[in-house]
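A.B. asks: Input: one structure, supplied below.
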Amino acid sequence: MKLRIARDELLMGLQRVQGVVEKRNTMPILSNILFEAKADDAVDIVATDLEIGMRGLYKAKVEERGSATLAARKLYEILKELKEGDIDLTVGDNNWATIQAGKSQFKIVGLPSSDYPALPAIEREGLTPLTGAGLLELIRKTLFAVGDNDARYILNGLLVTLISSEKKTTLRLVGTDGHRLAVAEQELTAPAIKDAPKEIKAIIPKKAAHEIRRLLEEGESEPLIGFTKNLMIFRKSGLLLTSRLMEGNYPNYQQVVPKEKDTAGRVTADRAELEGALRRVGVLSRDKTNAVKVTFSSGKMVLFSNNPDVGEATEELPVKYSGEPVTTGFNARYLLDVLNVIDGESVSLQMDAPLSPCLIREPGNPGFTCVVMPIKV
């Protein structure tokens, strides 16, 4: 295989696959990426960890067609240090690659491309068009709540639901780790696909959602998404990302979402003020639980933290509240994560009792709901 490619074009391809490449090195070849030069004017760059796969097509001048696998991390580190310009990449029969850029030359060892795992075959039909900014917003507002290596395997995934009718399609994302829950949904401008099921539910791994988010943050074209029995397909401007779906039953999250009540039992606070107060009071909270005691009373909210080894902190801020006084406790980090994805100037919180779930809403955005469980302090 022999080709010439712009340094920036190759660097972009390598940046995209860094998150997919397997770092634990259970199979050495999964630390590599696959180059496939099948045409005269482009090269495919492929990465997989056997769960998630990514394929992208990049402009190149191919002098000799072929394929090769090279170490993803080392190649990326080399490319970052090179100046702009063209790069000549040559791979011989012994799987050694020569990278020539100006007066710099590198030789790195590869592995046989025949040993590289194949990505699943993908049908082009049945994908739903989305607005890139809309999907990015939904992922941003829910991904923080997804479990991280949670013992309950299914909580390490994001629940994706596509609800189709004759006139509209609704996309809903749900994330929870058992301590907090985030639900975000929006109507898609695209009409429902003919003969599509009325409801499709799928659970995608957190890692796959992270990769989709990274690709969407690049902007550019509108993506397509689709699901088969055990696979999610995501397409975007010459890029294909596939992910195995997680198997299992997602918890009935609707059971824990409290019913919204009248304004008397609801606290409305300035989002930036509450975030700042939580950060300051959280400095002296206990390290493991980040526990902050919260008291709602008429017209004000008081935050208090106490750490016997360090000291204590108190802060009061004005809020709109006319219900009975309530004292409870929260993990400050959980509340901060929610406030971080709210874009409006205010936030509303509602609790029925000191240890009941706290319903958090963003005024003016009915498609977003968050629930945070309190803790004893």
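A.B. asks: State all residues of region 33-46 that are part of a strand (DSSP E or B), in contact with a Lys or Arg (Cβ under 8 Å, 6 or more places away or on another chain) and not acidic (Asp, Glu); if no residue qualifies, say none.
C.D. replies: The answer is ALA37, ALA42, ILE45, VAL46.
A.B. asks: Continuing with the same structure: How about region 190-242: which of its residues are assigned to a loop (DSSP other than H, G, I, E, B), of a type in the set (D, E, K, R) and modelled with pLDDT under 90?
C.D. replies: Matches in region 190-242: LYS194, ASP195, LYS198, GLU218, GLU220, GLU222, LYS229.
A.B. asks: Another question about this same structure. Within 28 Å of the chain's Cα centre (by Cα), crowded, with 17+ Cβ neighbours inside 10 Å and more than 30 Å from VAL46 (Cα to Cα), is that true of LEU240?
C.D. replies: So LEU240 does not fit the description; no.
A.B. asks: Could you check region 257-312 and list, in sequence order, the residues that are in a strand (DSSP E or B), open to solvent by 60 Å² or more (accessible area, probe 1.4 Å) and among the small types (Gly, Ala, Ser)?
C.D. replies: none
A.B. asks: Here is a further query. Kindly establish whether ALA151 is assigned to a loop (DSSP other than H, G, I, E, B) and surrounded by fewer than 16 Cβ atoms within 10 Å (Cβ to Cβ).
C.D. replies: Spelling it out, ALA151 is indeed assigned to a loop (DSSP other than H, G, I, E, B) and surrounded by fewer than 16 Cβ atoms within 10 Å (Cβ to Cβ).
A.B. asks: List pairs: first in region 118-139 and closer than 17 Å to ALA184 by Cβ and free of Cβ contacts under 8 Å to residues at least 60 places away in the same chain, second surrounded by 14 or more Cβ atoms within 10 Å (Cβ to Cβ) and of a type in the set (A, V, I, L, M), Cβ under 6 Å, 6+ apart or cross-chain?
C.D. replies: The qualifying pairs are LEU138/LEU173; LEU138/ALA184.
A.B. asks: Any chance you could count how many residues in region 30-41 are closer than 21 Å to ARG65 by Cβ and either aromatic (Phe, Trp, Tyr) or surrounded by 12 or more Cβ atoms within 10 Å (Cβ to Cβ) (or both)?
C.D. replies: Counting residues in region 30-41 that are closer than 21 Å to ARG65 by Cβ and either aromatic (Phe, Trp, Tyr) or surrounded by 12 or more Cβ atoms within 10 Å (Cβ to Cβ) (or both) gives 8.
A.B. asks: In region 322-377, what residues are open to solvent by less than 20 Å² (accessible area, probe 1.4 Å) and acidic (Asp, Glu)?
C.D. replies: Passing the criteria: only GLU362.
A.B. asks: Evaluate region 92-103: report whether one residue or more is in contact (Cβ under 8 Å) with a residue 40 or more places away in the chain, out of contact with any strand residue (DSSP E or B) (no Cβ under 6 Å at 6 or more places or on another chain) and open to solvent by 20 Å² or more (accessible area, probe 1.4 Å).
C.D. replies: no
A.B. asks: For region 12-27, does any single residue satisfy the condition of being in contact (Cβ under 8 Å) with a residue 12 or more places away in the chain and assigned to a strand (DSSP E or B)?
C.D. replies: no
A.B. asks: Another question, if that's okay. Suppose we filter ALA118, ALA68, ALA133 for residues that are outside any loop (DSSP other than H, G, I, E, B), within 30 Å of LYS207 (Cα to Cα), open to solvent by 30 Å² or more (accessible area, probe 1.4 Å) and of a type in the set (A, V, I, L, M); which single one remains?
C.D. replies: Unique residue meeting the criteria: ALA133.
A.B. asks: Further question on the same structure: Considering region 160-182 alone, what residues qualify as being open to solvent by less than 20 Å² (accessible area, probe 1.4 Å) and touching a helix residue (DSSP H, G or I) at 6+ places or on another chain (Cβ under 8 Å)?
C.D. replies: LEU171, LEU173, VAL174, GLY175, THR176, ASP177, ARG180, LEU181, ALA182
The values are calculated or read from the model by the stated rules, or taken from the named source; none is laboratory data. Keep in mind that this is a model prediction, so the values were computed, not measured. Here Cβ is always computed from backbone atoms with ideal geometry, including for glycine, and neighbour counts include all displayed protein chains. Ligands, DNA and RNA are stripped out before the accessible areas are found, and what is left, the full protein with its side chains, is counted by its heavy atoms. Shrake-Rupley method; radii C 1.70, N 1.55, O 1.52, S 1.80 Å.
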